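FYI, it's all coordinate maths here, none of it is from the lab. Worth saying up front: this structure is predicted, and the values here are computed from it rather than measured. Positions of Cβ are generated from backbone atoms using ideal geometry, with glycine treated the same way; all protein chains shown enter the neighbour counts.
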Amino acid sequence: MIVCSCNVVSDGQVRACLSPGPACPRTPAQVYACLGCSPKCGRCARTIRGILDRALSEAHAACATTCGAACTLKAAPALPAEAA
């Protein structure tokens, strides 16, 4: 699914640049940089943030049992329902 029509970026492309570790993008701006583009209208930032939040939550849940408190992938707080 296309999440950024200005740059023709898909959700798969966003997920592909989310590699575990400290170099993993944590903001929509970092995702744009990873993909070699920049935001134009900005309407996709919320969708990209949602993809980031889900990916980081999944990665944190998967590594919580092996690395516990030392895990660098802290889940970001969820957006309130009316803001999503």
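On a full-extension model of 0.36 nm per residue, what is the gain between ARG54 and ALA16, subtracting their alpha-carbon distance, rounded to one decimal in nm? Spell out each step's value before the answer.
Numbers: separation 38, 0.36 × 38 = 13.68 nm, distance 1.35 nm.
Answer, rounded to one decimal: 12.3 nm.
Under a crude label model (7 Å from the Cα following the beta-carbon direction), how far is CYS41 from MET1 in nanometres?
1.7 nm
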